[in-house]
Amino acid sequence: MLERIREGIQGPWAIAIVALIVVSFVFTGVGGYLSSNSSTAVAVVNDEEISAQTLDNAFQNERSRMEAQFGEAVATLFANESYLSDFRQNVLDRLIGDTLISQKATALGLRVSDEQIKQAIVELPQFQIDGQFNNDTYNLAIQRAGYSPTEFAEYMREQMTRDQLRQALSGTTISLDSATKHLLSLQQQTRDARILEVSAEDYLEDVTLNDDEVLNYYNNNITQYDTEEQVKLSFISLSVDNILPRITVSNEEVQAYYDENISYYTIPEQREVAHILFESGDNEEAALTKAHSALARIKAGEAFATIAAELSDDTVSAEDGGELGEINIGDYEEAFTDAAFALSEEAEVSAPVRTDFGYHIIKLTSLKKEKVSSLDEVNTDTLTDLKREKALDEFFTLQAEMERVAFESSDSLDDIAELIDRPVLETNFFSNSTYPASVDYPQVQNVAFSSDLVDSAVNSELLTVSDEKVMIVRVAEHKPQRTQSLDEVSSGIEQTLKAEKAQQTALLWAQDVQSLIANNEETNSKLAEKSLSWAEHKGLQRNNSIIARQLTEELFGLALSNESNSAVVLLNNGNVGIVKLDSIFDADAPLEADIEAFSGRYASQQSQRTYENFIEALKAEADIQILQ
């Protein structure tokens, strides 16, 4: 059993899961997801703490993922404190589940070998360029996430061990071929039916109401007639793009800008290095001795790549002869960088270099000198950059002036409009839940209904809605929340009550028709009373869009016997429907491709359900304390 579980971690399914781990945690820079130096616990799961830092990291990671996926659409949600609280609680619940799974995997003795971890890292597309593993990309990613190669390998080990258990649980979900085929056959079954729609409008003339009914409905549904508070905003905005068209620059300014920013037009020296790492652990002297021994072998003529493959504790780069690829200032620790940039000739090798990870021997494998582009080559870019810089300078200057004028002339936006030569615009009335696009920013939402703007009728502070756009708003008109009077809404109430009564009358008539069907009596004369006739439909499927969804759901719950072959349905459009089942047609034997596709979807749903149920079972037996 355990051996089968261990073997499973090597499959493509497991690699896909690890890929998700890397995208979620490494590239969003939250390497401390599973470990933290924080002593403040937000939860304790079977004596194992989940730290506040762990929760914060996971929270930020999930938020970043959602913002990357949904963009500005999710910004409003995250501006809502209630939503943020629920979101954070959901993240904590997931962490608790992850912790329980890790504990269970450990208790079962699940393990992941070094070779499996190495293979998983090499196969991750996030560490590949043109389909091939790139050690430079790998090292930069884990360095920025705060990992050494060994730490990242251990992190991967814990994640992959946990996913062994997940995969094992999915393997316990049994889907018999016979059951799958039966479910698919039911899904592909078709039915012939007759449909009748009884219009409630035909009964409206006979509906009567009295004042008491209208009043009772009003009182029983009083909250429906509460209006939302509304405002109409006046606003003025300024962006860098508003300023750019009026910016001019001279040739002399372009030359001066080029000279001042020559580094922007310089391709810096490019160097690539390889290294051999000897992790010091608890015995620094032994690591240094190993490094000197290796250096002596290199100087004696042995190949650097061979020694790296044999001795380096950076097991991933060791497979590629210790290659780290291109190195830039800031990529690695200062001692490592200084030593790498002190090498001046290709193939030159450094003395042992001490870093937090241990001792390194560094080899310069490639060196390209810096290249400076001439002004002629970059004139267009220089002109664009200079104009934008001047526009930004004016933008920030005007911001300060806007803020001053908004305060000094707090009862109007006109002076600001004159200052920046921009128009004052105005929205229509809107509520706090329906902001128009022109002012739909969290910064505006935070002040639009504030007492300062509503009661004091002053300008807002300068609102920075993005790095290159600011706004100032004020309330032009205000409608407070109130409850509409009966006189204002009585007409609508009367329409609602009449429609309900008319539908109920139509329902009674439809039920009479259904009784005739159940008694196997003819219905034509009854239908003739309302000039109605059956609409016949052949071969209706469960997912058809021909008849109303409510009718379809009823149809596929009917049987062919007279007592069970018809149903009466209240339709969403206010009418009443009658559906009568005429025939049932089983589908032809499903194609193997259809069975396989359906089986995959069904198994996936069952596996996910099994995994969720397993976590809930672990929670029920666990000692869980929520401390936040």
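Within region 480-509, track down each residue that is open to solvent by less than 30 Å² (accessible area, probe 1.4 Å), more than 20 Å from Ile578 (Cβ to Cβ) and in contact with a Leu (Cβ under 7 Å, 6 or more places away or on another chain).
Leu497
Yes or no, residue by residue, for (1) touching a helix residue (DSSP H, G or I) at 6+ places or on another chain (Cβ under 6 Å); (2) modelled with pLDDT of 90 or more:
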{"site": "Glu229", "(1), (2)": "no, yes"}
{"site": "Leu244", "(1), (2)": "yes, yes"}
{"site": "Tyr257", "(1), (2)": "yes, no"}
{"site": "Asn261", "(1), (2)": "no, no"}
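Quick check: anything in region 358-365 among the polar types (S, T, N, Q), closer than 30 Å to Leu277 by Cβ, in contact with a Lys or Arg (Cβ under 9 Å, 6 or more places away or on another chain) and touching a residue at least 12 places away in the same chain (Cβ under 8 Å)?
Let us first name the residues in region 358-365 that are among the polar types (S, T, N, Q), namely 365.
Still in the list and also closer than 30 Å to Leu277 by Cβ: 365.
Subsequent filtering for residues that are in contact with a Lys or Arg (Cβ under 9 Å, 6 or more places away or on another chain) retains 365.
Filter once more, keeping what is touching a residue at least 12 places away in the same chain (Cβ under 8 Å): 365.
Scanning region 358-365, I find at least one residue that is among the polar types (S, T, N, Q), closer than 30 Å to Leu277 by Cβ, in contact with a Lys or Arg (Cβ under 9 Å, 6 or more places away or on another chain) and touching a residue at least 12 places away in the same chain (Cβ under 8 Å), so the answer is yes.
Hey, can you tell me all the residues within region 465-477 that are among the hydrophobic types (A, V, I, L, M, F, W, C) and in contact with a helix residue (DSSP H, G or I) (Cβ under 7 Å, 6 or more places away or on another chain)?
Here is the first cut: in region 465-477, the residues among the hydrophobic types (A, V, I, L, M, F, W, C) are 465, 470-473, 475-476.
Listed by number, the residues that qualify are Val465, Val470, Met471, Ile472, Val473, Val475.
Can you confirm whether Ala391 is among the hydrophobic types (A, V, I, L, M, F, W, C), in contact with a helix residue (DSSP H, G or I) (Cβ under 9 Å, 6 or more places away or on another chain), touching a residue at least 60 places away in the same chain (Cβ under 8 Å) and not in a strand (DSSP E or B)? Even if it seems obvious, please write down each step before you answer.
Values: among the hydrophobic types (A, V, I, L, M, F, W, C): yes; in contact with a helix residue (DSSP H, G or I) (Cβ under 9 Å, 6 or more places away or on another chain): yes; touching a residue at least 60 places away in the same chain (Cβ under 8 Å): yes; not in a strand (DSSP E or B): yes.
Yes.
Please count how many residues of region 473-514 are basic (Lys, Arg) and in a helix (DSSP H, G or I). Full working, then the answer.
Of the residues in region 473-514, the ones basic (Lys, Arg) are 474, 479, 482, 498, 501.
Checking the rest, the ones that are also in a helix (DSSP H, G or I) come to 498, 501.
Of the residues in that region, 2 qualify.
For region 242-285, give me each residue that is on the phi < 0 side of the Ramachandran plot, within 42 Å of the chain's Cα centre (by Cα) and of a type in the set (Gly, Ala, Ser).
Those that are on the phi < 0 side of the Ramachandran plot, within 42 Å of the chain's Cα centre (by Cα) and of a type in the set (Gly, Ala, Ser): Ser263, Ala274, Ser280.
Being open to solvent by 50 Å² or more (accessible area, probe 1.4 Å), at pLDDT 80 or above and not in a loop (DSSP other than H, G, I, E, B) narrows it down to one residue among Asp212, Asp192; which is it? Full working, then the answer.
Working: Asp192 fails: open to solvent by 50 Å² or more (accessible area, probe 1.4 Å).
Residue meeting the stated conditions: Asp212.
Within region 559-570, can you find the residues that are touching a residue at least 60 places away in the same chain (Cβ under 8 Å) and touching a helix residue (DSSP H, G or I) at 6+ places or on another chain (Cβ under 6 Å)? Lay out the reasoning, then the answer.
If we filter region 559-570 for residues that are touching a residue at least 60 places away in the same chain (Cβ under 8 Å), which is where we start, we get 568, 570.
Within region 559-570, just Val568 meets the criteria.
Which of the residues that make up region 469-479 are open to solvent by 60 Å² or more (accessible area, probe 1.4 Å) and within 22 Å of Pro423 (Cβ to Cβ)?
Glu477
Please enumerate the residues belonging to region 422-439 that are among the hydroxyl-bearing types (Ser, Thr, Tyr), surrounded by fewer than 13 Cβ atoms within 10 Å (Cβ to Cβ) and touching a residue at least 40 places away in the same chain (Cβ under 8 Å).
Taking region 422-439 first, the residues among the hydroxyl-bearing types (Ser, Thr, Tyr) are 427, 431, 433-435, 438.
Narrowing the set further to residues that are surrounded by fewer than 13 Cβ atoms within 10 Å (Cβ to Cβ) leaves 433-434.
The answer is Ser433, and nothing else.
Six or more apart or on different chains, Cβ atoms under 9 Å: show the pairs whose first residue is in region 111-126 and in contact (Cβ under 8 Å) with a residue 40 or more places away in the chain and whose second is open to solvent by 80 Å² or more (accessible area, probe 1.4 Å) and among the polar types (S, T, N, Q).
As it stands, the answer is Gln116/Gln10; Gln119/Gln10; Ala120/Gln10, since those pairs meet every condition given.
Quick check: is even one residue across region 370-392 of a type outside the set (A, V, I, L, M, F, W, C), within 36 Å of the chain's Cα centre (by Cα) and modelled with pLDDT of 90 or more?
Filtering region 370-392 for residues of a type outside the set (A, V, I, L, M, F, W, C) gives 370-371, 373-374, 376-377, 379-382, 384-385, 387-390.
Okay, now just the ones that are also within 36 Å of the chain's Cα centre (by Cα), so 381, 384-385, 388-389.
With modelled with pLDDT of 90 or more added as a condition, the list becomes 388-389.
Checked region 370-392: at least one residue is of a type outside the set (A, V, I, L, M, F, W, C), within 36 Å of the chain's Cα centre (by Cα) and modelled with pLDDT of 90 or more.
Would it be correct to say that Ala400 is of a type in the set (A, V, I, L, M) and surrounded by fewer than 15 Cβ atoms within 10 Å (Cβ to Cβ)? Talk me through it step by step, then tell me what you get.
Values: of a type in the set (A, V, I, L, M): yes; surrounded by fewer than 15 Cβ atoms within 10 Å (Cβ to Cβ): yes.
Here the answer is yes, as Ala400 does meet what is asked.
Kindly indicate whether any position in region 101-116 is of a type in the set (Ser, Thr, Tyr) and either buried (at least 16 other Cβ atoms within 10 Å of the Cβ) or not in a helix (DSSP H, G or I) (or both). First the steps, then the outcome.
First, the residues of region 101-116 that are of a type in the set (Ser, Thr, Tyr): 102, 106, 113.
This time we only want the ones that are either buried (at least 16 other Cβ atoms within 10 Å of the Cβ) or not in a helix (DSSP H, G or I) (or both), so: 102, 113.
Yes.
Tell me, which helices (runs of 4 or more DSSP H) wholly within region 257-348 include 3 or more residues that are open to solvent by 20 Å² or more (accessible area, probe 1.4 Å)?
Values: elements: 284-299, 304-311, 315-318, 334-342.
Those helices (runs of 4 or more DSSP H) span 284-299, 304-311, 334-342.
With respect to the numbered conditions (1) over 30 Å from Glu403 (Cβ atoms); (2) open to solvent by 20 Å² or more (accessible area, probe 1.4 Å), which one is the sole condition not fulfilled by Arg246?
Looking at each condition in turn, Arg246 falls short on (1).
Can you tell me which residues in region 515-526 are over 18 Å from Ile547 (Cβ atoms) and part of a helix (DSSP H, G or I)? I'd like the intermediate steps shown before the answer.
Within region 515-526, the subset over 18 Å from Ile547 (Cβ atoms) is 515-516, 518-526.
The answer is Ser515, Leu516, Ala518, Asn524, Ser525, Lys526.
Would you mind finding the one in Leu540, Leu462 that is surrounded by 16 or more Cβ atoms within 10 Å (Cβ to Cβ), modelled with pLDDT under 95 and either in contact with a helix residue (DSSP H, G or I) (Cβ under 9 Å, 6 or more places away or on another chain) or at positive phi (or both)?
Numbers: Leu462 fails: modelled with pLDDT under 95.
Going through Leu540, Leu462 in turn, the sole match is Leu540.
Considering only region 443-459, state which residues are in a helix (DSSP H, G or I) and open to solvent by less than 40 Å² (accessible area, probe 1.4 Å). Spell out how you get there, then give the answer.
Filtering region 443-459 for residues in a helix (DSSP H, G or I) gives 443-445, 451-454.
Within region 443-459, Val444, Gln445, Leu453, Val454 meet the criteria.
The values are calculated or read from the model by the stated rules, or taken from the named source; none is laboratory data. Quick caveat, the model's predicted, so the values are computed rather than measured. When we count neighbours, we look across all protein chains shown, and the Cβ atoms used for this are built from the backbone with ideal geometry, even at glycine. Note: areas computed on protein heavy atoms with side chains; ligands, DNA, RNA excluded. Shrake-Rupley method; radii C 1.70, N 1.55, O 1.52, S 1.80 Å.
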